[in-house]
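The values are calculated or read from the model by the stated rules, or taken from the named source; none is laboratory data. Just so it is clear, the model here is predicted, and its values are computed rather than measured. In this analysis, Cβ positions are derived from the backbone assuming ideal geometry, glycine residues included, and neighbour counts consider all displayed protein chains. Surface accessibility is based on the protein's heavy atoms, side chains included, excluding ligands, DNA and RNA. Shrake-Rupley method; radii C 1.70, N 1.55, O 1.52, S 1.80 Å.
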Amino acid sequence: MNHLLTILVLLPLIGAATTLIYSFTPGARESHHRWIALGFSTLSFLVSLLLIQSASGNIASFRLEENYSWITSIGARFHLGVDGISLWLVLLTTLLMPISILSSWTAITRRQLTYYILMLLLESAMIGVFISLDLLLFYLFFEASLIPMFFLIGIWGGERKIYAAVKFFIYTSVGSLLMLVGIIALYFIHQRATGIATFDYAILVDTLRSGALTISPRAEFWLFLAFAFAFCIKIPLWPLHTWLPDAHTEAPTAGSVILAGILLKMGTYGLLRFNFGLFPNAAKQFAPIMITLAVIGIIYGALVAMVQPDVKRLVAYSSVSHMGFVVLGLFSFTEEGMQGALYQMLTHGVSTGALFLIVGMIYERRHTRMISDFGGLARPMPWFSAFFVIASLSSIGLPFLNGFVGEFLIMMGAWTSTIVRHVWIVTMLAGTGMIWAAVYMLWMLQRVVFGTKTSEANAKLSDLNAREIGLLVPLLVLMFFMGIYPSTFLSRSRASIEAARQRISSPQSGGVNIALTERRGSLREQVHHR
Amino acid sequence: MFLAFQAANPDLSFSLIAPEAIVSVAGVIVMMVDAFSRRGQRWVTGVLSIIALIAAGIASLWLWAAAPLQRAAFNGMIVLDELRLSFTLIFVIVSILTVLIASVWIEGEKLPAGEFHSLLLFATCGMMLMASAGDLVIVFLGLEILSIATYVLAGFRHTDVRSNESSLKYFILGSFASAFLLYGIALIYGATATETLPGTTNIAAIAGRLDQSLYPPLLFAGVAMLIVGFGFKIATAPFHVWTPDVYEGAPTPVTAFMAAGPKAAGFASFMRVFLFGFPIATVAASTSGYAHQSWVGALAIMAVLTMTIGNVVAIVQNNVKRMLAYSSIAHAGYALVGFVAAGAASDPLERNSALTAVTFYLLTYAVMNMGAFGIVTLIARSGDRRNEVDDYNGIGFISPVLGFSLSIFLLSLLGIPLTAGFMGKIMVFSAALREGYVWLVVIAVLNTVVSAYYYLRLIIVMFFRERTEAWEPPRIPASVALALVLTIVGVFYLGLFPGRVINAFNSRPAISLSVR
């Protein structure tokens, strides 16, 4: 199966085309579009499971590579590949897509054709982001994912949808256009040094590692900044986060799930892959600033989440806090921290995705998301309440649930990190973020699920139906599974993470340390190793 | 006798001007057919002009493929190189699309089709001459053929006051600019005279005479005049003030044509005159060096002004045609960024690839711009009345074909990946980055973000708002449908697989520099 990755990118596109063609057939019913979309996204998920098989070798290099010429005149290539990092992000994408589509089943009643086509186009672009190994191709997917999301927010969003959609678009495109300047500048620096005109990430890293190409510290500084700016807006890192609460709150439920679950990860993935891979020296130089911003984000996000009257906005701000942990882990430059960061990306996708779904379900019933309108939901809606509590606990980071593993590893990594002085202050402060998370989540649960019922309307709410339970169960199972058996994931990403870490610690050394890649073991061994 | 004449002066080569000849003869034929044919057969002249344009396109492709050794003719008046041929193809594409888009409008308004088509063909001939000119006199000749035809086209709806205003404004200011250009040519002719030789207007010859000039100040004044003249024609700030009024008042298909065709023609001769007439000098502190530095510097400033003014003012426009007019000013600014890069490049290969970038950019702009204006023509209805942004309220889902097509064109104008506009921007920006113009590219990129605001506004209005009043989707005639299909395919083809076109534009980088 040599074309697995191309198939993964194309499947949703074919799905979109099928949906469009179906709509022109006589007797086409609007309610059938969602079945086609669900079918194709499920198929994508099943196909993407084949990736795990190919990743079991536990080696750092890219696998399933496909490399075709694309625009010969400027040396851009259609180069795809997957490693232990992108593997899981692709799986996260393909998992969340069918769930999001299923969650739109009754929520989206208008313009279903356009809606499901946009969802499939978005899936294709997001998968492309995680597997492209050519900078121009990456940029293409990165920017292309913006358009469907812009339409999703703008057409099916809430009251302030236009404001939110425009803000989302302008914010993210400022960053990515500056990154484009960086990409082209890097292209010319490489061409001047080696005579080869290429956007190929693998070639660029090779020439950097071999010393054939050295970027001057000043140029590296600006290039790092250009890339990091784009990614930090996407993450979003404090103080570039202001688009996020608006976009998340106004987007339709599925849009919020995808935004929080996948689009934000493009930012952290970009930092890990491109900023670390291409500009390791500048990454070290920037680490103190990034760590500071991350810690501010962790605390700020948590504190602001605490005072939100709107559940959805609360979850949105909690994302700022959780993504701060990811950045902290990445810039600790320790194996634990970076593994934890990757794990936190997946965890956050699963648990915040679930939270947005749950908020969407209650909104469909009550048409309000205000915390003050609820109370005492546990009695009329036991299933709903149980799911809500578990998802919230997972978000808080309770042991045995997924959130714990990622944050624990990140704290571990931050504690042992040598990149900043007085690292204990950073760790302590970030640790308070976990406490704040417990405070705002539990307080919100207490007011919404438990407590006294504030309105008669709440007493008559119907509990979750089979479809809603069905789409939450996979996420819940995953929360427990990821909390109990993290090595399933970590063992497959370790080699790639270790390679990324080595890029930072010794920018000009040869390939990956073979001895390290051979190492296998449980989480405990890994922690003891330090 | 003809052969004897040709033998005596071997520099006559009619095959080298085949595209121009075909188009101008066709213009005359169309006029005749119109005069002698019965009424009610409007499509005849349209079909004739499309056939003529396709023939001209084939002729230029033939010239391209045959690649005759002779790269200049008529004593250096006409040159043959990739710059000329790629622009000739752009003009052919623009004119064919204009004929297709204009058909619905001519039909609806009962306007004389034959006159329109013959004027369009003459304008095309003028544009082609501007691209093929190896001499300032031919540049002027082409410009005048083009301009006079366009003045009439702008006022084609003679019962409409706005159209009249547009035509008159364009005529008065255009003549003024032509005068500047002509004066510049005269000054340069005077300044290039040496003690033994008379002055010259041959572009390649000018370059050789710069350092022998007896009156350098005269030369600099001439250069400044040329910049003003060309700057007006391609609507760069601060010579852009006429554009919004003229574009708004002119009939929409004519506006589409003016924004894509004559602008590209202006760039063609602007680039040829300055890149080959005042090229980068080996010694910086010489007359030629000063001339080169000053025009590159002036153009860099003009690029910044043009982009910024175009984009910022476009934000506050409520009329779609006016908005697209400012957008076209902004796009001229982006193209100027590439032009500056070509001017600053010392390596001929780098200069040629920057030149290719600008040409490619203008091609992408022509395609997406024609598409966008095609839809604006349909939505405007008869009388060109419905051009306010409010007229687009909520029509996206009532007429998805028009709504989504227009969105594609707008996103391409914005420069979103997968579309032609993105590749055009990549080419131009990378050309400028290669020459070290980081600040210019950063300004251009920030301008792109500003432009997002007004391009998205139209999409927002179409899709994110609901229509409150009744709206009947316009019928899409076959000719316009064909134009839309062609432009959409073009937008995605140039956006996804631009390699072949870029390679072709850049294939034989030897731009002719024959000095006679």
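Could you work out the helix-only [θ] at 222 nm for chain B, with each DSSP H run of four or more residues adding -39,500 (n - 2.57) and the total divided by the number of residues, to the nearest 500 deg cm²/dmol?
Helices in chain B give a 222 nm mean residue ellipticity of -25000 deg cm²/dmol.
Just in region B:394-487: which GluC sites (Glu not before Pro) are loop by DSSP and have at most 12 other Cβ atoms within 10 Å?
Loop-located and lightly packed - B:Glu466, B:Glu469.
Using a basic spin-label model with each label point 7 Å from the Cα along Cα→Cβ, how many nm lie between A:Leu46 and B:Ile315?
5.1
Please report, for the Cα atoms of region A:172-214, the Rg to one decimal and the Dmax as a whole number; what are they, in angstrom?
Over region A:172-214's Cα set, Rg and Dmax evaluate to 11.3, 34 Å.
For chains B and A, what's the summed buried accessible area, probe 1.4 Å, to the nearest 100 square angstrom?
On the way: alone 19360 and 19350 Å², together 35530 Å².
The contact between A and B buries close to 3200 Å².
Which values, in whole Å and largest first, are the semi-axes of the equivalent ellipsoid of region B:40-128 obtained as the square root of 5 times each eigenvalue of the Cα gyration tensor?
In descending order the semi-axes read 30, 12, 10 Å.
Across peptide A:169-181, what mean number of C-beta atoms from other chains lies inside 10 Å of a residue's C-beta?
5
Taking just the C-alpha trace of chain A, give me its Rg and Dmax in Å.
For chain A, the Cα radius of gyration and maximum Cα-Cα distance read 22.2, 74 Å.
At a Cα cut-off below 15 Å, give the aspartates and glutamates reachable from A:Lys312, other chains included and same-chain residues fewer than 8 away excluded.
Candidates past the 8-residue exclusion: A:Glu159, A:Asp246, A:Glu250, A:Glu364, A:Asp373.
Once you put a point 7 Å from the Cα of B:Val28 and another 7 Å from the Cα of A:Arg63, both along the Cβ direction, what distance in nm separates them?
Between B:Val28 and A:Arg63, the simple spin-label model gives 7.4 nm.
Which value at 222 nm does chain A reach when only helices count, each DSSP H run of 4 or more adding -39,500 (n - 2.57), with the total divided by all residues and rounded to the nearest 500 deg cm²/dmol?
Theoretical 222 nm ellipticity from helices: -23500 deg cm²/dmol.
Apply 1/(1 + (r/R0)^6) to the Cβ-Cβ distance of B:Ala224 and B:Ser175, taking R0 = 22 Å, and write down the FRET efficiency to the nearest 0.05.
Efficiency, from the Cβ-Cβ distance: 0.70.
For the pair A:Ala212/B:Ser37, report the inter-label distance in nm, with labels modelled 7 Å from Cα in the Cβ direction.
Each label point is offset 7 Å from its Cα along the Cβ direction, giving 6.3 nm.
About its Cα centre, how strong a charge dipole does the protein assembly as shown have in debye, to the nearest 20, once Lys and Arg get +1 and Asp and Glu get -1 at the Cβ?
On the way: 63 positive and 51 negative charges, 294 e Å.
So the dipole magnitude of the protein assembly as shown works out to roughly 1420 debye.
Which value, in Å², gives the accessible area per residue of the protein assembly as shown when a 1.4 Å probe is used on the protein heavy atoms? The partial results should precede the final answer.
Numbers: 35530 Å² over 1046 residues.
The answer is 34 Å² per residue.
Given R₀ = 25 Å, FRET efficiency for B:Ala284-B:Tyr215 by Cβ-Cβ distance, to 0.05?
Given R0 = 25 Å and the Cβ-Cβ separation, E is 0.75.
Roughly how many Å² of B:Val28 are accessible to a 1.4 Å probe, to the nearest 10?
Here the residue's solvent-accessible area equals roughly 70 Å².
Quick one: what are the phi-derived ³J(HN,Hα) couplings along region B:340-351, Karplus 6.51/-1.76/1.60 with θ = phi - 60°, whole Hz, x for glycine and proline?
Karplus-based 3J(HN,Hα) across region B:340-351 equals 4, 4, 4, x, 7, 5, 8, 7, x, 5, 5, 4 Hz.
Given q = 0.13, 0.15, 0.16, 0.23 Å⁻¹, what are the Debye log10 I(q)/I(0) values for region B:75-193, with equal point scatterers placed on the Cα positions and solvent ignored?
Taken in order of the listed q values, log10 I(q)/I(0) reads -0.61, -0.77, -0.86, -1.30.
From the residues B:Ala281, B:Val304, B:Met423, which one has its Cα farthest along the dipole of the protein assembly as shown in the positive direction, the dipole being from +1 and -1 charges on Cβ of Lys/Arg and Asp/Glu about the Cα centre?
B:Met423
Which residues, if any, in region A:111-146 lose at least 10 square angstrom of accessible heavy-atom surface (probe 1.4 Å) when the other protein chains sit next to their chain rather than the chain being alone?
Those residues are A:Arg111, A:Thr114, A:Leu136, A:Tyr139, A:Leu140, A:Glu143, A:Ala144.
Find the Rg to Rh ratio for region A:279-530, where Rh is the Kirkwood radius over alpha-carbon pairs and Rg uses the same atoms.
Values: Rg = 19.8 Å, Rh = 19.1 Å.
Answer for region A:279-530: 1.04.
If one computes the Cα centroid of region A:232-265 and of region B:296-357, what distance in Å separates the two points?
Region A:232-265 and region B:296-357 have Cα centres separated by 34 Å.
Report Rg/Rh for the protein assembly as shown, rounded to two decimals, where Rg is the Cα radius of gyration and Rh the Kirkwood radius.
With Rg and the Kirkwood Rh in hand, the quotient comes to 1.02.
Using the structure shown, list the pairs from A:Lys234/B:Lys425; B:Lys169/B:Lys263; A:Lys161/A:Lys284 with a Cα-Cα distance above 29 Å, or answer none.
In this structure, A:Lys161/A:Lys284 lie more than 29 Å apart at Cα.
Using heavy-atom solvent-accessible surface (probe 1.4 Å) with all chains present, what is the largest-first order of A:Arg111, A:Arg160, A:Arg63?
If we order A:Arg111, A:Arg160, A:Arg63 from most to least accessible, we get A:Arg160, A:Arg111, A:Arg63.
Could you tell me the calculated FRET efficiency between A:Phe481 and A:Leu429, based on Cβ-Cβ distance and R0 = 45 angstrom, to the nearest 0.05?
Details: r = 31 Å, r/R0 = 0.68.
So the FRET efficiency works out to roughly 0.90.
Using 15 Å as the cut-off for backbone N distance, which residues of region A:441-461 belong to the label zone defined by a point 7 Å from the Cα of A:Arg379 along Cα→Cβ?
Counting backbone N atoms under 15 Å from the label point, the list is A:448-461.
Across bins of 10 angstrom width beginning at 0, how are the C-alpha pair distances of region B:14-505 distributed, in whole percent?
4, 21, 32, 27, 12, 3, 1, 0
Just want the answer: with Cβ charges of +1 for Lys and Arg and -1 for Asp and Glu, which residue in A:Met370, A:Thr452, A:Ile189 is farthest toward the dipole's positive end in the protein assembly as shown?
The residue sitting farthest along the positive end of the dipole is A:Thr452.
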